[in-house]
Amino acid sequence: MEHIEQITKKRFEVRSNRPCEFCKELDPQFPHRHPLDQVVSFGRKSTASAHLTEEGYVRHRIAELSRLASRKPRNVA
Ligand SMILES: [Zn+2]
């Protein structure tokens, strides 16, 4: 079990993270998030899976979906 704890610890290290540009732009609640829920891994694109926390991941997905929902369907197959 020791190495699992190490991985968890490494995953949540904060020193090499940056705010998610995508969420920053699209989520009105972004500034109210927990700091860990705002950031993605450094060097990764601003995608849902780059988020460090599950909460951040979920909120990113919600922002993505609300953007899709607000877009008018052009190609109805
Ligand atoms: Zn995000």
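Return yes or no: is Leu36 surrounded by fewer than 17 Cβ atoms within 10 Å (Cβ to Cβ) and at pLDDT 90 or above? Against the criterion (surrounded by fewer than 17 Cβ atoms within 10 Å (Cβ to Cβ) and at pLDDT 90 or above), Leu36 qualifies. Within region 18-58, the set of residues being in a helix (DSSP H, G or I), near the ligand (Cβ under 8 Å from one of its atoms) and in contact with an Asp or Glu (Cβ under 6 Å, 6 or more places away or on another chain) comprises just one member, Gly56. Being among the hydrophobic types (A, V, I, L, M, F, W, C), surrounded by 14 or more Cβ atoms within 10 Å (Cβ to Cβ) and more than 8 Å from the chain's Cα centre (by Cα) is the filter here, so list the residues in region 45-67 that pass it. Selection gives Ile62, Ala63. Yes or no: Lys9 within 13 Å of the ligand (Cβ to nearest atom) and either at pLDDT 90 or above or over 21 Å from Ser70 (Cα atoms) (or both)? No: the conditions fail for Lys9.
The values are calculated or read from the model by the stated rules, or taken from the named source; none is laboratory data. Everything numeric here is computed off the predicted structure, so don't read it as measured data. All Cβ positions, even for glycine, are placed from backbone atoms using ideal geometry, and neighbour counts span all protein chains on display.
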